[in-house]
Amino acid sequence: MSTHQETGTFGVWDYLVFAGMLFISAAIGVYYAFSKGGQQTPKDFMMGGRKMTAMPVALSLTASFISAIAVLGTPSEVYRFGAILSIWAISNGLVVLITAEVFLPVFYKLEITSTYEYLELRFNKHIRLCGTILFIFQTILYTGIVIYAPALALNQVTGFDLWSAIVVTGVVCTFYCTMGGFKAVIWTDVFQIGIMVAGLLSVIIQASEIQGGINNILNDSYHGGRLNFWDFNPNPLQRYSFWTIIIGGTFTSASIYGINQSQVQRSLYINLVGQWTILACTVFCGLAIYSRYHDCDPWTSKKVSAPDQLMPYLVLDIMRDYPGLPGLFVACVYGGTLSTVSSSINALALVTIEDLVKPHYQSLSEKKLSWLLKGTSVLYGVLCIGMAALASLVGVLLQAALSIFGIIGGPLLGLFSLGMLAPFVNSTGGFVGLIAGFVISLWIGIGAQVYPPLPERTLPLSLITDGCNMTDFHQQGNWTTTTEAPFSASTFQVHSAERTPLMDNWYSLSYMHFSTVGTLVTVLVGIIVSLLTGGRKQNLDDRFLLTKEDFLSNFDFFKREKLILNPQPYTNQDGGTDNPTFNYVEMYSTEQSRNTS
């Protein structure tokens, strides 16, 4: 494949497939808004009435985390840095184990709706407020990137106006979230994970067919140095190595799955299989892109304006003879976005009402709370669309998203870990630790954005344009658009001839370790300050801590009854199932069980 013709275009069938996905997603919201009398209570709206079964919830969790950032970002990172990203499968397994056995048992026995409620029970309401505000800030930032990513891809593939694409995405998500509540989020996620898998598989099958089989793809990748699974360099400045992905990836993912409201109340072990499946698909897609363009890189030959557009470029190239399949892929990218954004909006609305409104207005009726939840969903939908405008200023997709989770999620993970694992940590230590962790991780994050690490730190693999003939090299074909190239480099980047040791070491830390630094600084400072301020003298209720009975409780199949840890008898009035591994906690439990602190 030395030269490649101009890529195909987006046709009528593609638009129909894409529009059909958007229409079905919106229709699910309408259905749950009106079926069986609609979302009558806040519990129905935010928790699906506790009648959701494990499988759709697990699929929903997979869909929520596999956003367009994974579908577009992971293949481009594999293309540039190799298949070492597949090591993420190991850290995913570790994270699911940590979350299900450390964090969830404590949330479960306390019967809390918002994870940040725990911070008030364990520390005080001021720390809860800090946690809530950091979560809201993090989620709006991340959701902006998630909305912007596929809009840019759609703009480049179809010429569809960038801002129209952003607004359509935000409006559809906000619509079905506000109309249908949690059930709509779950069932649209199930539909969208199907679309995502179908889209990725169509790319894999067609790429294998055109490149002469999977063996040829693996052979090209091997000779191009892309099958670099085992790089054990312990240097934390290297962008990807076995250790940066295992350690940094585990810390980053734990801050998402363990304590993040968008993810924490969903089924984890079943979800792990879904995560591994999508990871395998996206890594293979990255290898397929390399095999197709190993001697004529579309990025350096200016056929695409950013690495994150390689995947849609490949799709238009290899599927030009199959009307509807490019549309299926764009629907796959959008499916990832809609599921992530809807979960984020749902979590933002819940946390705002539970943590910021209800403590001050306890006499609100259920009807007023339901209207408030819907109004809050609309507000956050609008805010997230606005944040998508700022997302054009960030660097590469996967890095930008994980950096946000690291900078904000890392210190929060440290705070929750202190609360559950260190009984002597007091509110003073928790607060000072959280602030210290956030300041340090924010310092690295901003420094890395302004003074990005040099290639000798990130170690990108070679990209070749020898196979492009000159007419092909200069022809940008279908990819000539009016859009600026925002992902080629950070807008904030400062080009300086003089590199200081601070830039070459501290700011060059692998972005995978932002969460590691934030968590460890929070834990260390929290412990020291607590010991200096008399933390060992406090008396704590065991329910706020991880106890021996809680740990590995999901594997205690023969003593399942012991997992009902509530001190008050609890009856499930609406017929939902109680399962400790996955449990939607009631929004309003009995007055006695709420006063746990």
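The values are calculated or read from the model by the stated rules, or taken from the named source; none is laboratory data. Owing to the predicted nature of the structure, the values given are computational and were not obtained by experimental measurement. Ideal geometry is used to build each Cβ from the backbone, glycine not excepted, and the neighbour counts take in all protein chains shown. Side chains included, ligands, DNA and RNA excluded: accessible areas come from the protein's heavy atoms. Shrake-Rupley method; radii C 1.70, N 1.55, O 1.52, S 1.80 Å.
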Test: residue in the stretch 542-556 that is in contact with a Pro (Cβ under 7 Å, 6 or more places away or on another chain), at pLDDT below 50 and part of a helix (DSSP H, G or I): no
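Can you tell which of Ala448, Ala436 is within 26 Å of the chain's Cα centre (by Cα), outside any loop (DSSP other than H, G, I, E, B), at pLDDT 55 or above and closer than 25 Å to Gly286 by Cβ? I'd like the intermediate steps shown before the answer.
Numbers: Ala436 fails: closer than 25 Å to Gly286 by Cβ.
Selected residue: Ala448, the only one of Ala448, Ala436 that is within 26 Å of the chain's Cα centre (by Cα), outside any loop (DSSP other than H, G, I, E, B), at pLDDT 55 or above and closer than 25 Å to Gly286 by Cβ.
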Qualifying residue in the stretch 142-165 (condition: of a type in the set (A, V, I, L, M), closer than 30 Å to His223 by Cβ, within 22 Å of the chain's Cα centre (by Cα) and modelled with pLDDT under 80): yes
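Take the conditions more than 23 Å from Ala391 (Cα to Cα), modelled with pLDDT of 80 or more and not in a loop (DSSP other than H, G, I, E, B) and apply them to Val171. Does it pass?
Values: more than 23 Å from Ala391 (Cα to Cα): no; modelled with pLDDT of 80 or more: yes; not in a loop (DSSP other than H, G, I, E, B): yes.
Judged against the criteria, Val171 is not a match.
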The stretch 221-239, residues that are under 14 Å from Phe81 (Cβ atoms) and over 26 Å from the mean Cα position of the chain (by Cα): Ser221, Gly224, Gly225, Asn233
The one condition in (1) within 22 Å of the chain's Cα centre (by Cα); (2) at pLDDT 60 or above; (3) surrounded by 22 or more Cβ atoms within 10 Å (Cβ to Cβ) that Phe487 fails to fulfil: (2)
Which numbered condition Thr252 misses (of (1) out of contact with any Gly (no Cβ under 6 Å at 6 or more places or on another chain); (2) crowded, with 24+ Cβ neighbours inside 10 Å; (3) within 30 Å of Ser114 (Cα to Cα); (4) at pLDDT 85 or above): (1)
Odd one out for Leu279 among (1) open to solvent by 10 Å² or more (accessible area, probe 1.4 Å); (2) farther than 30 Å from Pro455 by Cβ: (2)
Qualifying positions in the stretch 234-259 - without any contact (Cβ under 8 Å) to a residue 60 or more places away in the chain and assigned to a helix (DSSP H, G or I): Trp243
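Here's the yes/no breakdown for (1) closer than 27 Å to Arg499 by Cβ; (2) assigned to a helix (DSSP H, G or I); (3) open to solvent by less than 10 Å² (accessible area, probe 1.4 Å); (4) in contact with a strand residue (DSSP E or B) (Cβ under 6 Å, 6 or more places away or on another chain):
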{"site": "Ile404", "(1), (2), (3), (4)": "yes, yes, no, no"}
{"site": "Ile408", "(1), (2), (3), (4)": "no, yes, yes, no"}
{"site": "Leu412", "(1), (2), (3), (4)": "no, yes, yes, no"}
{"site": "Pro423", "(1), (2), (3), (4)": "no, no, no, no"}
{"site": "Thr428", "(1), (2), (3), (4)": "no, yes, no, no"}
{"site": "Ser441", "(1), (2), (3), (4)": "yes, yes, yes, no"}
{"site": "Glu456", "(1), (2), (3), (4)": "yes, yes, no, no"}
{"site": "Pro460", "(1), (2), (3), (4)": "yes, no, no, no"}
{"site": "Ile464", "(1), (2), (3), (4)": "no, no, no, no"}
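Among residues belonging to the stretch 351-375 that are part of a loop (DSSP other than H, G, I, E, B) and without any contact (Cβ under 8 Å) to a residue 40 or more places away in the chain, point out the one that is most open to solvent (accessible area, probe 1.4 Å).
Gln362
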Single match in Gly213, Gly199, Gly194, Gly224 (criterion: in contact with a Phe, Trp or Tyr (Cβ under 8 Å, 6 or more places away or on another chain), among the small types (Gly, Ala, Ser) and surrounded by fewer than 24 Cβ atoms within 10 Å (Cβ to Cβ)): Gly224
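Any idea which residue in the stretch 108-130 is most open to solvent (accessible area, probe 1.4 Å), counting only those that are assigned to a helix (DSSP H, G or I) and under 15 Å from Gly429 (Cβ atoms)? Walk me through how you get there before you give the answer.
Our first condition is that a residue be assigned to a helix (DSSP H, G or I); within the stretch 108-130, this holds for 108-110, 117-122, 125-130.
In the following step, the residues that additionally are under 15 Å from Gly429 (Cβ atoms) were identified as 119, 122, 126-127, 130.
Details: Leu119: 0, Arg122: 10, His126: 122, Ile127: 4, Cys130: 38 Å².
Looking at residues that are assigned to a helix (DSSP H, G or I) and under 15 Å from Gly429 (Cβ atoms), I get His126.
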Residue under evaluation Gly419, criteria (1) in contact with a Ser or Thr (Cβ under 6 Å, 6 or more places away or on another chain); (2) within 22 Å of Ala254 (Cβ to Cβ); (3) in a helix (DSSP H, G or I), criterion not met: (1)
